[in-house]
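The structure under discussion appears below in the form of structure tokens.
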Amino acid sequence: MRRLVLAAALAAWSFPAHAAWKEFTYTDLGIAKFFPAEPKVSKGTYGEDIRLPLSKVVPTTIVAAEDGGVTYKMTIADFKGRETEGANIMGEAFSRLAGRGTVVSQGFPRLDLGANSVYGLVLIVDEKGGDHATSEVFFNKGKLYIIQAIAPQNSQARFDSGIGRFMETVRFHLQGYGFDEKLGHDFPIGDNDPNDRDLGYNRPAPPKKN
């Protein structure tokens with residue numbers, strides 16, 4: 001996985017991590033995500049705090065864990081059948097988050113390359129309620145994903161290196177990556193460029209130039 005990140009924010013996240021991180025795969029939600037502790041899954045709703053929401057009020061699945069004074073969570077809303085509205089639904093979610101306070105920084109992450117590319121939006125907000133929230137927003141295959149790391153503004157936890165790690169470890173390509181020796185193909189299937197990032201450490205040597 002390759003992506004663009006907020007360099008300034010990453011520089012600020014300099015405190016040591018508190019836990020052994022582990023990836024959890026949620027096939028039904030279409031995402032794999034690293035958490036610093038065993039996350040809890042709950043249900044909620046999305047859209048009720050937006051005036052005349054494009055999204056309407058829809059049910060959500062919330063996956064969350066806490067570590068070192070930081071709340072790590074992702075909220076997934078299913079918009080199956082409304083895929084053509086994805087860009088606007090994602091934009092509405094971004095606007096909702098930005099409206100909660102002062103936007104400190106923003107950026108445009110990209111997951112993967114080519115046909116597997118997933119673009120999103122990221123912003124850091126000092127919220128009016130006192131929280132410092134780092135959020136990513138993606139819309140992929142009919143689902144809205146809001147990924148957040150939240151800490152109090154007046155706490156050193158806002159500088160925890162786990163925040164950067166949480167933002168970086170998002171995976172939508174659940175089949176995995178790397179060169180399959182038996183099939184002789186790279187994953188994603190059909191992308192066999194020896195110099196491509198998906199081949200990982202198990203890549204065959206590139207052909208020698210004459």
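Annotations
- The loop-placed trypsin sites (Lys or Arg not before Pro) in segment 44-123, going by DSSP, that have at most 14 neighbouring Cβ atoms within 10 Å of their Cβ come out as Arg51, Lys56, Lys80.
- Long-range amide H partners of Asp131 with built H, under 5 Å: Gln153
- If you sort the three axes of the alpha carbon gyration tensor as a ≥ b ≥ c, you get a/c of 1.5 or more for segment 82-122 and a/b no higher than b/c, which makes it oblate.
- Close amide H contacts of Phe34 (hydrogens built in the peptide plane, cut-off under 5 Å, sequence separation of 5 or more or a different chain): Phe24.
- Here segment 7-171 is assigned +1 on the Cβ of each Lys and Arg and -1 on the Cβ of each Asp and Glu. Its dipole about the Cα centre then comes out at about 240 debye.
- Using 0.36 nm per residue and subtracting the Cα-Cα separation, the extra length available between Thr71 and Lys40 on full extension is 10.0 nm.
- Farthest toward positive dipole pole in segment 7-171 [+1 Lys/Arg, -1 Asp/Glu at C-beta], among Tyr119, Gln148, Pro59: Pro59
- Maximal additional length on extending the Thr25-Glu168 stretch stands at 49.9 nm, based on 0.36 nm per residue less the C-alpha distance.
No lab work stands behind these numbers, since they all come straight from the coordinates. This structure is a prediction, so every number in the text was calculated from the model and none was measured. Heads up, the Cβs are rebuilt from the backbone with ideal geometry, glycines too, and the neighbour counts pull from every protein chain shown.
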